[in-house]
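Read through the structure below, which is laid out as structure tokens, and then see the notes.
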Amino acid sequence: MFQRAFELDSFLARKSVFLFGPRQTGKTTFLKQTYPNAMLINLLSSADYRELLSHPENLEKRILFQMESSTRKKSDLFLVIIDEIQKVPELLDSVHDLIEKHKNLRFVLTGSSPRKLKRMGANMLGGRAGLMPVHPITSLELKSEKSVRTWRDFMLCGSLPSILNSKAPFEDLEDYLTTYLKEEIDDEGISRSIAGFSRFLNFAALRIGEQLNFTSLASDAQLPPALVKEYFQILSDTLIGHIVPPFDQTKKRKAMMSAKFYFFDLGVANAIIKRRSVPEHSVEWGNVLENLIHNEIRAYLDYKRVKKTIQFWRSTSKLEVDFVIWDEINLRDLIAIEVKSTVNPTLRLCNGLLALQEEFPKLKKILLCQCPAPMKLGGDIQVLPIDFFLDKLWAGDFF
């Protein structure tokens, strides 16, 4: 079992929490292990689903009965877990009312897709619940298992807990995609054409780390550009990936304004295009490595609740930095990260970092690669091996 890098106790001491993450990221497993005495309502259970869909008012009756029957002290918190809340959004009105009436009542509301809640205008509890995103297994959590596996094992089959422990990972990833298309896309009526959406997915997975060109991708997928743009938003809303906006704070060099997209899990991205090998030092390896670094940084910022934004920078003259992490209130506190698959870094690979430093003299510059040991280039550019960077990231040395 993996020891997860996030915790909810400090959240729950103050308020309830939405726990959102893609399917099979381990939300329910974590909650059952961490809060074995909590009251659990599982909307994946046909009995709970049918009852509460037909009679949402029964939620309050069931919770009040359990609270009155509990042997806990009156001053202790009473925790209720509602799994897959998006299946019955109407329950959120009762949750809101119960929170108002009972100061020691807390909810953990899990979901694999907040899109349905947003689309239906569901009651999001008006600030009475925090939000904790849940990601697949990170490099730090992988080490908790005390296995010989490393981040390299994420490059092909990804890091979903069930896939990491699977004897047939490729087949299980295919099943994951089938379930996603059926339950998140087709059954929810999100996509007008499941065939068109499937074509779009294929081309999206082929363009990891590239700037989004809706017209070009639409031509490849034989879809209207506006629909391609909508489909990327669907991927974001259903937590299958993340849209990374451009960093546009430069004045001397005009920034290009197209966004990038990264998949939440590399195994899922590879399964979409049926890729069963990623040759090291190939273009594909570099793109996949960039996606992995993005996912690790995003998970760290979410789990440690660091209020920083992930963006990328590319000038119209094609100077580029893969990741710019910054606090939007303080432009002076900028970290720029370039990701390369090389083992022999040179200053030529740092042109984007150096160009960005012209406008932000205190810019912290990092080049990540597969060099054997940390070093410096150009006086103050940190050149870090991937393993070293990931260890320092989760130790809190960068943010």
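Note on the chain: GNM, Cα springs under 10 Å; of G196, G21, G127, the largest mean-square fluctuation is that of G127.
For the stretch 156-170, the Karplus equation 6.51 cos²θ - 1.76 cosθ + 1.60, evaluated at θ = phi - 60°, returns couplings of 9, 9, x, 9, 5, x, 5, 6, 4, 9, 8, 8, 9, x, 5 Hz by residue, with Gly and Pro reported as x.
Set the Förster radius R0 to 22 Å, insert the Cβ-Cβ distance between Q66 and L131 as r into 1/(1 + (r/R0)^6), and round the FRET efficiency to 0.05. Step by step, r from the Cβ atoms, then E = 0.30. Just checking my list [x] -0.53, -1.17, -1.32, -1.33; [y] -0.44, -0.94, -1.29, -1.41; [z] -0.36, -0.87, -1.31, -1.44 against log10 I(q)/I(0) by the Debye sum over Cα atoms at q = 0.07, 0.11, 0.14, 0.15 Å⁻¹ computed from this structure; which label fits? Structure-derived value, by its label: [z]. Which lysines have a Cα lying under 18 Å from the Cα of K116, excluding residues fewer than 8 positions away in the same chain? The qualifying lysines are K87, K182. Ordered by the number of other Cβ atoms lying within 10 Å of each residue's own Cβ, fewest first, K362, K167 fall into the sequence K167, K362. You can think of it this way: the chain between E328 and S198 has 43.2 nm of extra reach, that is 0.36 nm per residue less the Cα-Cα gap. What residue among F11, F264, F232 shows peak mean-square fluctuation when the chain is described by a Gaussian network model with Cα springs under 10 Å? Comparing F11, F264, F232 in a Gaussian network model of the chain, the most mobile one is F11. Taking the Cα of E280, stepping 7 Å toward and past its beta carbon, and measuring to each backbone N in the stretch 355-399: which are under 11 Å? Taking a point 7 Å out along Cα→Cβ of E280, the residues of the stretch 355-399 whose backbone N falls under 11 Å are 370-371. For chymotrypsin sites (Phe, Trp or Tyr not before Pro), no site in the stretch 140-231 is both called loop by DSSP and has at most 13 other Cβ atoms within 10 Å. When both the stretch 79-94 and the stretch 297-351 are represented by their alpha-carbon centers, they are found 37 Å apart.
In the chain, helical runs assigned H by DSSP with n ≥ 4 each contribute -39500 (n - 2.57); averaged across all residues and rounded to the nearest 500, the mean residue ellipticity at 222 nm is -10500 deg cm²/dmol. Among the listed pairs K254/K304; K15/K143; K252/K364; K32/K167; K32/K308; K304/K365, a Cα-Cα separation exceeding 29 Å is found for K254/K304; K15/K143; K32/K308. In this simple spin-label approximation, K73 and M375 carry label points 7 Å from Cα along the Cα→Cβ vector, and these lie 6.0 nm apart.
Phi angles across the stretch 300-311 convert, under the Karplus curve 6.51 cos²θ - 1.76 cosθ + 1.60 with θ = phi - 60°, into 3J(HN,Hα) values of 4, 4, 5, 5, 8, 6, 8, 7, 10, 9, 9, 9 Hz, Gly and Pro given as x.
Every number here is computed from the coordinates shown, using simple stated rules; none is lab data. Fair warning: this is a prediction, and the values are worked out from it, not measured in the lab. Here the Cβ is made from the backbone with ideal geometry for all residues, glycine too, and neighbour counts use every protein chain on show.
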